[in-house]
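Written below as structure tokens is the structure these notes are about.
The values are calculated or read from the model by the stated rules, or taken from the named source; none is laboratory data. For clarity, every value in this text was computed on a predicted model and none was experimentally measured. All Cβ positions, even for glycine, are placed from backbone atoms using ideal geometry, and neighbour counts span all protein chains on display. Only protein heavy atoms, including side chains, enter the accessible area calculation; ligands, DNA and RNA are left aside. Shrake-Rupley method; radii C 1.70, N 1.55, O 1.52, S 1.80 Å.
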Amino acid sequence: MSGERVTLRGDAGEHRVYLGVRLDEMVVHGRLNLSITPSPALLPALSHLQVRLNDRLLSVIPLQPDKPGERIVRTLERDPRLFVADNWLSLRLVEHYTLECEDPLHSSLWLTISPDSRLDLQLQTIALPDELALLPAPFFDPRDGRKLDLPFVFARQPDFDTLRAAGKLA
């Protein structure tokens, strides 16, 4: 996740995280370790947290009726076949604090996602075919959030045409 505390509130009760999977990798296992603390004012029979991947509902985490406002820790195993190249994990709070008319901006409508919540993905490298059409992959993949450091190595002092081709490739 983001490594920082996230609070879902009232009408802004959703948090989305982008998860890119490189062209030369595939997800073989996914586990979401989630630690949340709901507002003690939320009605457990009506309130819950929805976990979605690519807008597909994966899990509903109910609130604990016997322990209002206490921390809830859940581990959710994710089917690796659900991950595609561009993924969105969303956590959506469905909240109610009364059985009567509700104010969607009421101060008791909140849930905190702890910074120790995390999504662990086990990735496996896959071989790409030798096709120029895949360039700039595997050297650069827009779904990879890491900084790119791509050195160019030449067998000998390159001539102008070689430098121009390297520049186009870069």
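Checking each residue of the range 130-144 against the condition of being over 30 Å from residue 63 (Cα atoms), of a type in the set (Asp, Glu) and exposed (fewer than 10 other Cβ atoms within 10 Å of the Cβ) gives at least one match. Residue-level check: of (1) touching a strand residue (DSSP E or B) at 6+ places or on another chain (Cβ under 8 Å); (2) within 15 Å of residue 111 (Cβ to Cβ); (3) of a type in the set (Gly, Ala, Ser); (4) at pLDDT below 95, residue 85 misses just (2). Counting the residues of the range 106-165 that are assigned to a loop (DSSP other than H, G, I, E, B) and either of a type in the set (Gly, Ala, Ser) or free of Cβ contacts under 8 Å to residues at least 60 places away in the same chain (or both) gives 28. Within the range 78-90, residues that are free of Cβ contacts under 8 Å to residues at least 12 places away in the same chain sit with their Cβ atoms under 9 Å from residues that are of a type in the set (A, V, I, L, M, F, W, C), at 6+ positions apart or across chains, in these pairs: 81/27.
Within the group 84, 153, 73, which residue is open to solvent by 60 Å² or more (accessible area, probe 1.4 Å) and more than 26 Å from the chain's Cα centre (by Cα)? Please lay out each step first, then the result.
Details: 84 fails: more than 26 Å from the chain's Cα centre (by Cα); 73 fails: more than 26 Å from the chain's Cα centre (by Cα).
Going through 84, 153, 73 in turn, just one is open to solvent by 60 Å² or more (accessible area, probe 1.4 Å) and more than 26 Å from the chain's Cα centre (by Cα): 153.
From the set of residues in the range 1-11 that are surrounded by 13 or more Cβ atoms within 10 Å (Cβ to Cβ) and more than 14 Å from the chain's Cα centre (by Cα), which is modelled with the lowest pLDDT? My answer is 10. Residues that are in contact with a helix residue (DSSP H, G or I) (Cβ under 9 Å, 6 or more places away or on another chain) and open to solvent by less than 80 Å² (accessible area, probe 1.4 Å) within the range 97-129 comprise 121, 128, listed in sequence order.
Looking for something over 22 Å from residue 118 (Cβ atoms) and outside any strand (DSSP E or B) - is there at least one such residue anywhere in the range 13-21?
Our first condition is that a residue be over 22 Å from residue 118 (Cβ atoms); within the range 13-21, this holds for none.
No, the range 13-21 contains no residue that is over 22 Å from residue 118 (Cβ atoms) and outside any strand (DSSP E or B).
Would the range 114-121 turn up any residue that is at pLDDT 95 or above and touching a His at 6+ places or on another chain (Cβ under 6 Å)? No - not one qualifying residue is present in the range 114-121.
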